[in-house]
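Okay, so here's the structure we're looking at.
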Amino acid sequence: MDRPKDKSILSTSRKHAGLPEVGPVEVATYLRQHAGFLAEHPDLLQILTPPAQRRGEGVVDMQQFMLQRLQTEVARLKNQHRALITTSRANLASQARIHQAVLALLAAPSFEHLIQIVTTDFAVLLDADVITLAVESASGCQSHLSVRGVQLLERGAVESMFGPDRDVLLLGDSEGDPAIFGGGAGLVRSAALLRLKVSPRAPAGLLAIGSRRIGKFHTGQGTELLGFLAKSLSVVIAGWLDLPS
């Protein structure tokens, strides 16, 4: 049987049942008759306000102060615990998505199908809006590519974007670059750019994951899973093209 959740509901229910209302006197009487009640419900101690002890004018009640600080600390720890659980669940979901994407790469029956998986299926697998592959031109200038979802960059563009020591670039609030996202650039407001290191004999490239949701990717976010995806894709591409890694 469900118990009424607040005083007004409790009073109304008791009136309808022809019973007297429950007030402070009844509560105090109940607690006197059940001295172990608070021991059985210690969570109530975190929200109840104990009376301040009177120790004379100008005397600070340190016990009251310490108890209030303890209640505040307990509330803070609870919020931290909830945030940690939320983050852990999000990480597990991201891990599952990355694993599904890598398995899809390994199952590709041809190189053409591999490119299709990356530029089409990855959007669903990774919960993204636009995904493209971008590769530097061997001739040093941009030209038109007929492969949907694959962009051609000028030579040196990848190194200019990432620098010498970074392989993952997260953009929390940034419009999509048409040179990277092509016709889907207008949808992008947050992006993750992953450097692809296919082979010393292959041109530099990157995998671009774009989202219309601002903040989906952001500075301070863990990049281990994204780095794993980029390395897996690089190895699979090198295998299909028979290039040394």
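All of the numbers you see were taken from the coordinates with simple rules; none came from a lab. It should be emphasised that the depicted structure is a prediction, and the values quoted were computed from it without experimental measurement. Cβ: placed from backbone, ideal geometry, glycine included. Neighbour counts: every protein chain shown.
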Exercise for the section: Give, to the nearest whole percent, the P(r) tail of region 109-240 beyond 27 angstrom, counting all Cα pairs. Expected result: 11
Practice task
Obtain the nm distance between the two label points defined at Ala39 and Asn91 by a simple spin-label model: each point lies 7 Å from its Cα along the Cα-to-C-beta direction.
Solution key: 4.0
Problem - Inter-label distance for Gln221 and Lys197, nm, one decimal - labels placed 7 Å from Cα along Cα-to-Cβ - result: 2.3
Practice task
Might you report the magnitude of the Cβ-based charge dipole of region 109-240 about its Cα centre, with Lys and Arg at +1 and Asp and Glu at -1, to the nearest 20 debye?
Solution key: 100
Fill in the blank from the handout: Under the 7 Å Cα-to-Cβ spin-label approximation, Leu31 and Gln80 lie apart by a distance in nanometres of 3.0
Practice task
Find how much the distance from Glu175 to Ser110 grows on full extension, using 0.36 nm per residue of separation minus their present alpha carbon separation; answer in nm with one decimal.
Solution key: 20.1 nm
